[in-house]
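Q: Have a look at this one before I ask anything.
The values are calculated or read from the model by the stated rules, or taken from the named source; none is laboratory data. Keep in mind that what you see is a predicted model, and the values were worked out from it rather than measured. So basically every Cβ, Gly included, is an ideal-geometry build from the backbone, and we count neighbours across all protein chains shown.
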Amino acid sequence: MTGWLAIAGLGPGDPNLVTPEVTAALAEATDVIGYIPYVARVAPRDGLTLHPTDNRVELDRATHALKLAAQGQRVVVVSSGDPGVFAMAAAVFEALEAGPQAWRDLDIRVLPGITAMLAASARAGAPLGHDFCAINLSDNLKPWPLIERRVRLAAEADFAIAFYNPRSKARPDALIRVFEILRETCRDDRPVLFARAVSTPEETLRILPLTEARAEMADMRTMIIIGSSLTRIIDRPAGPILYTPRSAP
Ligand code: SAH
């Protein structure tokens, strides 16, 4: 039996948003590895071993996946959203780079998924219709001053900005500081989208001006998108549409 390793994105939550390519890989897999809530999204079946692990062990998980594939197993490492966006694909390649030469002969594929930023943007309209960037607000893997610098420069460059991991119990006040930095550069009425648990039954969407944005409005299941200076709101009975025009003056 020839082993392989697929690093797959499960999308934002709705099973309809899992790509057919990912579904096919899961159907052929012998082993599925990932963070507990993501592995829980894979249906158990005969011949499939599920390996749910805690969130803080990315490199161990990646090494485990490479070892299993080297033994001839068909392994899928699962992430939510896209595996290349603040997720397992880079962790697997770090382990590959540091590991034995023989691992470089393995069949390894990254299978994309719909990342939270794009799912949230689609629900709200098209806030990412012009130039944008994405910033992860978690300081688990980088120093806080670097995050502040990137937020400030992105706002000065007038990007729409998608914020991943905006708030955790370990850093309840970090988001307050981020809003302070944004208020130094952006106008008070700059629209901010709080998109929580997009494409799940718990989904909530909220659009409000920067002056009214509060850190308590976000949790670990929330994605925040702040518009650029061009981002606008179309009011209509069915709910507002948030969009950024295609051209800048
Ligand atoms: N690889 C994932 C991101 C992992 S970081 C992806 O591509 O989407 C985890 C963060 O993603 C969360 O803290 C939250 O900010 C965001 N997120 C993931 N799923 C989400 C969803 N369904 N709705 C809103 N935000 C989500």
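Q: For segment 4-22, give me the residue count where each residue is in a loop (DSSP other than H, G, I, E, B) and either of a type in the set (Val, Ile, Thr) or at pLDDT below 95 (or both).
A: Residues flagged as in a loop (DSSP other than H, G, I, E, B) and either of a type in the set (Val, Ile, Thr) or at pLDDT below 95 (or both) within segment 4-22 amount to 2.
Q: Under 9 Å between Cβ atoms, at least 6 apart or on separate chains: pull out the pairs that start in segment 230-249 with a residue that is under 16 Å from LEU208 (Cα atoms) and end on any residue that is of a type in the set (Phe, Trp, Tyr) and surrounded by 13 or more Cβ atoms within 10 Å (Cβ to Cβ).
A: Listed by first residue and then by second, the contacts come to THR231/TYR243; ARG232/TYR243; ILE233/TYR243; ILE234/TYR243; THR244/PHE132.
Q: May I pose another question? Looking only at segment 30-42, which residues are part of a loop (DSSP other than H, G, I, E, B) and within 23 Å of LEU17 (Cβ to Cβ)?
A: ALA40, ARG41, VAL42
Q: Can you name every residue in segment 58-81 that is surrounded by fewer than 17 Cβ atoms within 10 Å (Cβ to Cβ) and touching a residue at least 24 places away in the same chain (Cβ under 8 Å)?
A: Matches in segment 58-81: LEU59, GLN71, GLY72.
Q: Could you list, in sequence order, the residues of segment 136-162 that are of a type in the set (Val, Ile, Thr) and either in contact (Cβ under 8 Å) with a residue 60 or more places away in the chain or surrounded by fewer than 19 Cβ atoms within 10 Å (Cβ to Cβ) (or both)?
A: ILE161
Q: Out of all the residues in segment 43-54, is one or more touching a helix residue (DSSP H, G or I) at 6+ places or on another chain (Cβ under 7 Å) and buried (at least 18 other Cβ atoms within 10 Å of the Cβ)?
A: No, every residue in segment 43-54 fails to be touching a helix residue (DSSP H, G or I) at 6+ places or on another chain (Cβ under 7 Å) and buried (at least 18 other Cβ atoms within 10 Å of the Cβ).
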